[in-house]
Structure formats: structure tokens, C-alpha cells
Amino acid sequence: MESRLHLLLDGDGRPDAERASLVRLMAAVAQRLSAADAKAVAAWFATQPVDK
Amino acid sequence: MYKTTLTAVALLLGSFAQTPAMAGPDGKQIATQGQGGVPCMACHGDHGQGSDAGGFPSLAGMDADYLSRQLLAFKSGGRQSPVMAPQAKPLDEAAIKAVASYYAGLPAVTSKPAVTPSADELQRGQALATQGRWADDIPACVQCHGPGGRGIAPHFPRLGAAAA
């Protein structure tokens, strides 16, 4: 998870310390979500309209 | 004679200006016809809406920089995907930027979910997305990804209208 997050964020212009902090935060959040949580949150976002 | 030569040079320069190679890669063409791989639309849909049933994400309206970074990561192998790597490898940087810009310019749409979520599930998802669950140290998704998951380009990708 952390390596994938690094790939998503590396080179995005953030300072290294900020990026490392975000990676740790997201990896920790992902671990705390159950499969049912993840499914529910994905289902809700899928219903959200997005203006361009 | 001098006038004729000038006219010929002007015509020649004009023809160079209209050479397709000068225009750069055509993102729509790559998306719909492919370039060394399967056309993007074969999996991500005619309008980049994605496919919930197939697990292919919606690309329409996503931030161009974000899409470019993902394609470059698939190409380099930094982000590993046996499906996307062969599609990204034949694309050079200009082609990647072109196809990313094409999808960024499409109106955001999403596929219909394969299974309609229950009201309880949507309520649980909404609570997590908008309020988080601080008892478990889970922050609200929208704190970074914006209201409704609109995304904060280019740093936080859009989550709203994404295939679940």
C-alpha cells in the first residue's frame, strides 16, 4: 500500500516530509477500513455528480 | 521569377505547417483506436465512463496531470498492472499527455453500478466520506478530496462519479 501511494504522489511537487506524512496517513486509513466500509464509501462516491 | 520562387517557398512552408506530424499525437485517436495496444475505450467505455462490472475506472473528466502520472507509472513499471502496462508501454510522453488531455476534456460520467447499493450501505458510505470515523482515527475523505469527491487537482484525485 505504501509503495503504491508513493507512486501516486512522487513528483507531485510536495515537500518530501509532507508527502511521507500523507503516505503514512492514507496507508493507516486504508488499514482501518473494513471491506464493508470500503464498499460502502465507494458506492456513495459513485453516486456523486461531478461538475467539470 | 523572384515572385514565383517566393510563392513556391510560401506554399512549401504552408504545407509543412499542415503536416499531421507537426500537430502532435491525437488523444481521441489513441483512446478510440489504440496505439500499439488495445484502445482505451474497449475497457473504459465509449465516453470514458468506465465499467463497474469489469472494474474499469471512469476516466472522463479526471485531471490530466493525474492521468498522465498514472500512465507514466504504468509505463515505467513503477505502478504495476498486468493489464495497463502493455497499454502504456507503446505510448511516448507526448501520446500520454494527449490521451490524458482528451479524457480530462470529456464530461464526467460514470457507469451504472452492477449491483444497486442498499440505502443502509449508501448511508454508511456517506457518513465515512463526509464525517470520517474518528473513533477509529479515520478522517473524512472529503477533507482532502473535496466536497462530493470532486478532487483537488492535481494533488488529490476525483473520487465522485467513479465506478464503484
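Bear in mind that the values in this text are calculations on the coordinates, not laboratory data. The structure presented is a predicted model; accordingly, all values stated were derived computationally and were not measured. A quick note on method: Cβ atoms are made from the backbone with ideal geometry, for glycine too, and the neighbour counts reach across all protein chains shown.
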Can you give the average number of partner chain beta-carbon atoms within 10 Å of each beta-carbon in peptide B:125-132, as a whole number? 5
Compare the peptides B:69-75, A:15-21, B:117-123 by average per-residue count of other Cβ atoms within 10 angstrom and give them in order, highest first. B:69-75, B:117-123, A:15-21
Please report B:TYR102, B:TYR66 as a ranked list, fewest other C-beta atoms within 10 angstrom at the top and most at the bottom. B:TYR66, B:TYR102
